[in-house]
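The values are calculated or read from the model by the stated rules, or taken from the named source; none is laboratory data. Nothing here was measured: the structure is a model prediction, and the numbers come from that model. Methodologically, a virtual Cβ is constructed for each residue, glycine included, from the backbone with ideal geometry; neighbour enumeration extends over all protein chains shown. Accessible surface areas use protein heavy atoms only, side chains included; no ligands, DNA or RNA. Shrake-Rupley method; radii C 1.70, N 1.55, O 1.52, S 1.80 Å.
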Amino acid sequence: GLTGKTIVAVVFGGGILAEAMPPRGATVTGPDLSEKPIGVARLHRLESGVDVDYRLVAAESLAAQAPRSFDVVTCMELLEHVSSPASTIGACALLAKPGGVVVFSTLNRNPKSYLFAIVGAEYLLNLLPRGTHDWTRFIKPSELAQDARRAGLELARLTGMQYNPLTQRYWLNSDTSVNYLFAAQKN
């Protein structure tokens with residue numbers, strides 16, 4: 001459960017994930033580098049009444065300010081967009097308390113992910129704006145595991161995420177070939 005947990009949702013996606021956790025008893029901080037999503041999230045927070053501490057700050061800066069402060073760190077759909085995934089992974093590890101959990105979601109780099117995430121999602125189905133992703137920045141699970149180990153994290157679970165655009169249904173399974181979740185524990 002999340003009751004009593006301190007959580008940081010690194011790049012919180014306009015508050016969707018961050019605002020789902022306080023009603024379950026968590027105290028949530030939401031850092032982001034862009035003012036626009038923070039503005040949207042703050043507006044939504046006013047409408048929903050859910051308390052999240054949104055901050056205009058990089059994960060690396062927050063880690064320097066508040067190391068080892070959070071029970072849970074989430075970093076969803078960000079690593080494939082940053083210039084140094086290892087730096088972001090390191091910041092997330094530093095934010096976690098010893099024994100804390102860090103969860104990443106990202107895209108695998110292989111021909112299937114190119115076909116589904118770029119050709120399918122961006123060009124055929126228009127689920128995302130064209131140019132959202134650069135396939136060369138996608139991260140294989142083995143690469144994420146290596147960077148996580150260097151940062152003091154140990155893989156706890158690797159799970160695939162699937163989406164059916166016809167039914168608009170998401171689910172988790174063992175297929176990590178396109179989207180995946182990587183949960184780790186801080187040593």
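Sort out which residues of the stretch 130-144 are open to solvent by less than 90 Å² (accessible area, probe 1.4 Å) and either in contact with a helix residue (DSSP H, G or I) (Cβ under 6 Å, 6 or more places away or on another chain) or not hydrophobic (A, V, I, L, M, F, W, C) (or both), and write them in order of number. Please lay out each step first, then the result.
Here is the first cut: in the stretch 130-144, the ones open to solvent by less than 90 Å² (accessible area, probe 1.4 Å) are 131-135, 138-144.
Listed by number, the residues that qualify are Gly131, Thr132, His133, Asp134, Trp135, Phe138, Ile139, Lys140, Pro141, Ser142, Glu143.
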Looking for something in contact with a strand residue (DSSP E or B) (Cβ under 6 Å, 6 or more places away or on another chain), under 30 Å from Ser142 (Cα atoms) and touching a residue at least 40 places away in the same chain (Cβ under 8 Å) - is there at least one such residue anywhere in the stretch 19-31? yes
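Yes or no, residue by residue, for (1) touching a residue at least 40 places away in the same chain (Cβ under 8 Å); (2) of a type outside the set (A, V, I, L, M, F, W, C); (3) closer than 28 Å to Ala59 by Cα:
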| site | (1), (2), (3) |
| --- | --- |
| Ser113 | yes, yes, yes |
| Ile118 | no, no, yes |
| Glu122 | no, yes, yes |
| Pro129 | no, yes, yes |
| Arg149 | no, yes, yes |
| Leu155 | no, no, yes |
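I'd like to check which strands (runs of 3 or more DSSP E) are fully inside the stretch 1-78 and have at least 3 residues that are at pLDDT below 95 and under 24 Å from Ala184 (Cβ atoms). Lay out the reasoning, then the answer.
On the way: elements: 6-10, 27-32, 52-56, 70-76.
Answer list for the stretch 1-78: 27-32, 52-56.
Inspect the stretch 85-108 for any residue being part of a loop (DSSP other than H, G, I, E, B) and surrounded by fewer than 21 Cβ atoms within 10 Å (Cβ to Cβ) and give the result as yes or no. Step through it out loud before you land on a result.
Pass one, the stretch 85-108, residues part of a loop (DSSP other than H, G, I, E, B): 108.
Filter once more, so that each one left must be surrounded by fewer than 21 Cβ atoms within 10 Å (Cβ to Cβ): none.
The answer is no, given that none of the residues of the stretch 85-108 is part of a loop (DSSP other than H, G, I, E, B) and surrounded by fewer than 21 Cβ atoms within 10 Å (Cβ to Cβ).
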Please name all residue pairs, on different chains or six or more residues apart, with Cβ atoms under 8 Å, provided the first residue is in the stretch 87-104 and is on the phi > 0 side of the Ramachandran plot and the second residue is in a strand (DSSP E or B). Gly99/Gln185; Gly99/Lys186
Check the stretch 44-60 and report whether any residue there is touching a strand residue (DSSP E or B) at 6+ places or on another chain (Cβ under 7 Å), within 18 Å of Asp147 (Cβ to Cβ), crowded, with 20+ Cβ neighbours inside 10 Å and of a type outside the set (D, E, K, R). yes
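For the stretch 17-43: of the residues being open to solvent by 20 Å² or more (accessible area, probe 1.4 Å) and among the polar types (S, T, N, Q), which is nearest to Gly4 (Cα to Cα)? Even if it seems obvious, please write down each step before you answer.
Going through the stretch 17-43, the residues open to solvent by 20 Å² or more (accessible area, probe 1.4 Å) turn out to be 17, 20, 22-25, 27, 33-37, 39-40, 42-43.
From what's left, among the polar types (S, T, N, Q): 27, 34.
Numbers: Thr27: 7, Ser34: 28 Å.
Within the stretch 17-43, the match that is nearest to Gly4 (Cα to Cα) is Thr27.
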Just for the stretch 145-181: of the residues that are farther than 28 Å from Gly120 by Cβ and touching a Gly at 6+ places or on another chain (Cβ under 8 Å), which one is most open to solvent (accessible area, probe 1.4 Å)? Arg150
Give me the strands (runs of 3 or more DSSP E) completely within the stretch 111-187, filtered to those with at least 2 residues that are within 15 Å of the chain's Cα centre (by Cα) and under 20 Å from Val101 (Cα atoms), ordered by residue number. 153-164, 179-186
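Of Lys112, Lys5, Lys36, which residue is more than 29 Å from Ala145 (Cβ to Cβ) and among the basic types (Lys, Arg)?
Going through Lys112, Lys5, Lys36 in turn, just one is more than 29 Å from Ala145 (Cβ to Cβ) and among the basic types (Lys, Arg): Lys36.
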